[in-house]
Every structure is written in structure tokens, then in C-alpha cells.
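Below is one structure, written out as C-alpha cells; the observations come after it.
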Amino acid sequence: MELAIAILVIITALAVHYLLIYLPYLIVSRKHAHKGQILKSSLLVACYSLMAGAACNLIGISSTAAIGVTAAIVYHIGRRKLLQSKKQAWASCGIYIGGIIVLVILMVYFMITNEAFRALMQQSV
């Protein structure tokens, strides 16, 4: 049962990660890019982001550095694959970083106010 919960948590984390990348592209590029292009570009950025996170972990630096790397990749892939203008690519980066900030604020709020969530987050695997 614990393995199933761990797998479910990992799948949920990957889905949220993909969604944080997909939504900025969808909001900014929906008028001039096909959904297929947006989906593929988002998957490409998510894969690069996971590799950046793994590389940060192997090097021994904080994995939050991968957020900056991912923002740069969001900009670059938006410009190259989705043919966004500079303003659109910066908007995609801003929306991505804003989504990360909202998630961090929600996690801190729940850690402060919710005992069950705090116990869940402090639980060692």
C-alpha cells in the first residue's frame, strides 16, 4: 500500500510539473500555435527540467537552481519551437515563475495551518 501511495505521489508531482509548464504556453501561444505543438514543447521542457534537476542533485547544488534553468528553457523553447516573440516568451517565463511562487505560498500556508498536511510533509520516506 505504501508503494502505491509513493507512486501516486510521484505521478501527481510530475503532472503538476507538466501543468506548470503547459499553462504558460497555452495562455500565451494559443492563438498562433497548434495544441499539438504546445503539448510537445511542454513535454520537451518538462524532460529538460527533470534532467536539470537531476544534474543539480548530482553536482550537489540546491535543486531550486533547476527552477531558473527551467525558466530559461521555457523562454528558449518558446522562442524556437512555438515562434513566440520576445514579449511572449518573457510572459511565459513570468507565468511559470508565478505558478511556482503560488505553489510555494500554498505549501507554506498549509504547513502552518493544517496539522495533517504538516505531518504528511514531515514524514520520512
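Yes/no per residue for (1) open to solvent by 90 Å² or more (accessible area, probe 1.4 Å); (2) part of a helix (DSSP H, G or I); (3) in contact (Cβ under 8 Å) with a residue 60 or more places away in the chain; (4) closer than 16 Å to Gln88 by Cα:
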| residue | (1), (2), (3), (4) |
| --- | --- |
| Ala15 | no, yes, no, no |
| Leu23 | no, yes, yes, yes |
| Leu43 | yes, yes, no, no |
| Gly53 | no, yes, no, no |
| Ile73 | no, yes, no, yes |
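A quick yes/no check of all residues on (1) open to solvent by 30 Å² or more (accessible area, probe 1.4 Å); (2) in a helix (DSSP H, G or I); (3) closer than 26 Å to His32 by Cα; (4) in contact with a helix residue (DSSP H, G or I) (Cβ under 9 Å, 6 or more places away or on another chain):
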residue	(1), (2), (3), (4)
Leu58	yes, yes, no, no
His76	yes, yes, yes, yes
Arg79	yes, yes, yes, yes
Ala89	no, yes, yes, yes
Ser92	no, yes, yes, yes
Ile95	yes, yes, yes, yes
Gly99	no, yes, yes, yes
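With respect to Tyr96, determine if the residue is touching a residue at least 40 places away in the same chain (Cβ under 8 Å) and hydroxyl-bearing (Ser, Thr, Tyr). Working first, answer last.
Values: touching a residue at least 40 places away in the same chain (Cβ under 8 Å): yes; hydroxyl-bearing (Ser, Thr, Tyr): yes.
Judged against the criteria, Tyr96 is a match.
Quick check on Ala33: is it more than 10 Å from the chain's Cα centre (by Cα), farther than 24 Å from Gly98 by Cβ and without any contact (Cβ under 8 Å) to a residue 60 or more places away in the chain?
No; evaluated as a whole, the condition is false for this residue.
The values are calculated or read from the model by the stated rules, or taken from the named source; none is laboratory data. From a predicted model like this one, the values you see are computed outputs, not experimental measurements. For neighbour counting, all protein chains shown are included, and Cβ atoms are generated from backbone atoms with ideal geometry for every residue, glycine included. Protein only, heavy atoms only, side chains kept; ligands, DNA and RNA dropped before computing areas. Shrake-Rupley method; radii C 1.70, N 1.55, O 1.52, S 1.80 Å.
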